[in-house]
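The next block holds one structure in the form of structure tokens; read it before the comments.
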Amino acid sequence: SSRGTLAEVLGRAPSDGARSSEPLIVCRNVHKQYGAQKVLCGIDLTVKRGEVVVLLGPSGSGKSTFLRTINHLDTIDWGEITVAGQHIGYQRIPGGQLKPTGGLAQARAAARISMVFQHFNLFNHMTALENVIEAPIRVFKMDPVEARQLGLRLLDEVGLQNHVNHLPHRLSGGQQQRVAIARALAISPRVMLFDEPTSALDPELVGEVLAVMRKLADAGMTMVVVTHEIRFAREVADRVVFMDGGLVVEAGTPAEVLDNPQHERTRRFLRIME
Ligand code: ADP
Ligand code: MG
């Protein structure tokens, strides 16, 4: 069944009460600036195993930067990030700055973090299946025959069993994004990060991508999702975090943050969104 494959890919049964109290992502006092511009100004966020966190905030509030730092695509200037017990490999160097101890790519692979981007970022010269099995084979040295079987099952999970040999340009945006999700799943991620996964899609294609994400959430995947889809946040998120100016302004259940926001900045943002 589909639940079976996803649970297997997740490498565990959907989270139970005991396991869901385990913090998988711990960010403390994360600071990041580009030149003189402070982009992250002391972010704290803890995400438990199996939790779905939706990150909301206006453009320029630092959401993408924050996801990139969790994913070790970028270094931070101050603070701590731990994912799946991997202390992201930063060490403080004289002068107080943080320097990654191993390579960032190594830390990303060790923590098994996957990220899905707004613009899919597929390899355009590779078929859907080749896109999905590239990282398992190259980064994780999976046996190619095994990787192919996994890739076919994952493409089936996201409803693309009839498109496995298609190049990206033959696929719709929604199909391309589902290939990207299958690719992200292929490394058996402990954590999946989504950066506005439906923002580049025509409205009629948004639903098919959100449906796959909902399925992942139901299977117990730990997810941090930047999105403007308030309805998705309301229905799928365990927790909603509102960011502005590089800080967490407020966080809570969807009902708390979306229906009863405590801060004027949150209220203003939600008024514009709805
Ligand atoms: P959001 O995703 O919430 O829209 P971003 O994290 O993309 O916000 O950007 C936050 C701020 O950081 C913006 O002002 C942006 O211009 C700046 N910024 C992001 N990435 C870079 C970069 N690589 N170099 C310089 N400035 C950047
Ligand atoms: Mg962004």
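Tabulated data for the structure shown
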{"quantity": "Enumeration of residues in segment 75-90 that are part of a loop (DSSP other than H, G, I, E, B) and either under 20 Å from Asp244 (Cα atoms) or over 17 Å from the mean Cα position of the chain (by Cα) (or both)", "calculated": "Thr75, Ile76, Asp77, Gly85, His87, Gly89"}
{"quantity": "Failed item, numbered, when Gln177 is tested on (1) in contact (Cβ under 8 Å) with a residue 60 or more places away in the chain; (2) in a loop (DSSP other than H, G, I, E, B)", "calculated": "(2)"}
{"quantity": "Filter result (within 16 Å of ligand 2 (Cβ to nearest atom), under 17 Å from the mean Cα position of the chain (by Cα) and on the phi > 0 side of the Ramachandran plot) within segment 25-72", "calculated": "Gly57, Gly62"}
{"quantity": "Options Ser59, Ser64; residue that is under 26 Å from Arg268 (Cβ atoms), assigned to a loop (DSSP other than H, G, I, E, B), within 12 Å of ligand 1 (Cβ to nearest atom) and among the small types (Gly, Ala, Ser)", "calculated": "Ser59"}
{"quantity": "In segment 56-80, residue surrounded by the fewest Cβ atoms within 10 Å (Cβ to Cβ) [restricted to those that are of a type in the set (Val, Ile, Thr) and closer than 22 Å to Ala237 by Cα]", "calculated": "Thr65"}
{"quantity": "Matching entry among Val47, Val39, Val30, Val53 (being among the β-branched types (Val, Ile, Thr), surrounded by 15 or more Cβ atoms within 10 Å (Cβ to Cβ), within 11 Å of ligand 1 (Cβ to nearest atom) and touching a residue at least 24 places away in the same chain (Cβ under 8 Å))", "calculated": "Val39"}
{"quantity": "Hits in segment 115-171 (condition: among the acidic types (Asp, Glu) and either touching a Lys or Arg at 6+ places or on another chain (Cβ under 9 Å) or over 29 Å from Asp74 (Cβ atoms) (or both))", "calculated": "Glu134, Asp143, Glu146, Asp156, Glu157"}
{"quantity": "Inter-residue pairs, beta-carbon under 6 Å, first under 19 Å from Asp195 (Cα atoms) and hydroxyl-bearing (Ser, Thr, Tyr) and in segment 109-131, second assigned to a helix (DSSP H, G or I) and modelled with pLDDT of 95 or more, 6+ apart", "calculated": "Ser114/Ala184"}
{"quantity": "Pairs with Cβ under 6 Å, 6+ apart, first in segment 194-212 and more than 15 Å from ligand 2 (Cβ to nearest atom), second part of a helix (DSSP H, G or I) and of a type outside the set (A, V, I, L, M, F, W, C)", "calculated": "Leu201/Gly173; Leu201/Gly174; Leu205/Gly173; Leu205/Gly174; Glu208/Gly174; Val209/Gly174; Val209/Gln177; Val212/Arg178"}
{"quantity": "Hits in segment 43-79 (condition: touching a Pro at 6+ places or on another chain (Cβ under 8 Å) and under 14 Å from Cys27 (Cα atoms))", "calculated": "Thr46, Val47, Lys48, His72, Thr75"}
{"quantity": "Breaking point among (1) out of contact with any helix residue (DSSP H, G or I) (no Cβ under 8 Å at 6 or more places or on another chain); (2) surrounded by fewer than 19 Cβ atoms within 10 Å (Cβ to Cβ), for Thr222", "calculated": "(2)"}
{"quantity": "Some residue of segment 230-243 being within 15 Å of ligand 1 (Cβ to nearest atom), surrounded by fewer than 21 Cβ atoms within 10 Å (Cβ to Cβ) and in a helix (DSSP H, G or I)", "calculated": "no"}
{"quantity": "Test: residue in segment 106-116 that is in a loop (DSSP other than H, G, I, E, B) and modelled with pLDDT under 95", "calculated": "yes"}
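The values are calculated or read from the model by the stated rules, or taken from the named source; none is laboratory data. Every value quoted in this text rests on a predicted model; they were computed, and no experiment measured them. Cβ sites come from the backbone with ideal geometry, for glycine too, and all protein chains shown count toward neighbours.
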